[in-house]
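Presented below is the structure to which this report refers.
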Amino acid sequence: MKKPSSKIRDEIAKLQEQLKIAERAEAERIGRIALKAALGEIEVDEAELQAAFEQLAKRFRGGQGDTSGGKKSAGDSSGQASTAADASGAGAGNAGEA
């Protein structure tokens, strides 16, 4: 049996709200991590920072390969420190807005 269009619209509205909530939670999580890594103190162009984040995402998805010789365990924070330095070093010389 087909669903009426009004029911489909209601489902879409609910899913859009769920998406907003999930995106907000993800943004807050990433923001907290970025602040802990002192990225908020760096004056860098937003496009350049986004490019650095995209490279970082590729690294963790396996797109560029891990140069440290393997995945870090959950308790090993040494990869986290170098990751923050990688992301901040990408645009640290630019005097644009953050």
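The values are calculated or read from the model by the stated rules, or taken from the named source; none is laboratory data. None of these values were measured; they are calculated from a predicted model. Every residue, glycine as well, gets a Cβ built from its backbone with ideal geometry; the counts of neighbours run over all protein chains shown.
In table form, for the structure just shown:
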quantity: Long-range neighbours under 6 Å by Cβ, at least six apart or interchain, first residue closer than 19 Å to residue 33 by Cβ within region 47-71, second at pLDDT 50 or above and assigned to a loop (DSSP other than H, G, I, E, B); calculated: 58/64
quantity: Which listed residue, of 87, 98, 92, 81, is touching a Phe, Trp or Tyr at 6+ places or on another chain (Cβ under 8 Å), at pLDDT below 90, on the phi < 0 side of the Ramachandran plot and not polar (S, T, N, Q); calculated: 87
quantity: Odd one out for residue 61, checked against (1) surrounded by 10 or more Cβ atoms within 10 Å (Cβ to Cβ); (2) of a type outside the set (Gly, Ala, Ser); (3) at pLDDT 90 or above; calculated: (1)
quantity: Criterion (in a helix (DSSP H, G or I) and more than 19 Å from residue 57 (Cβ to Cβ)) met by exactly one of 11, 43; calculated: 11
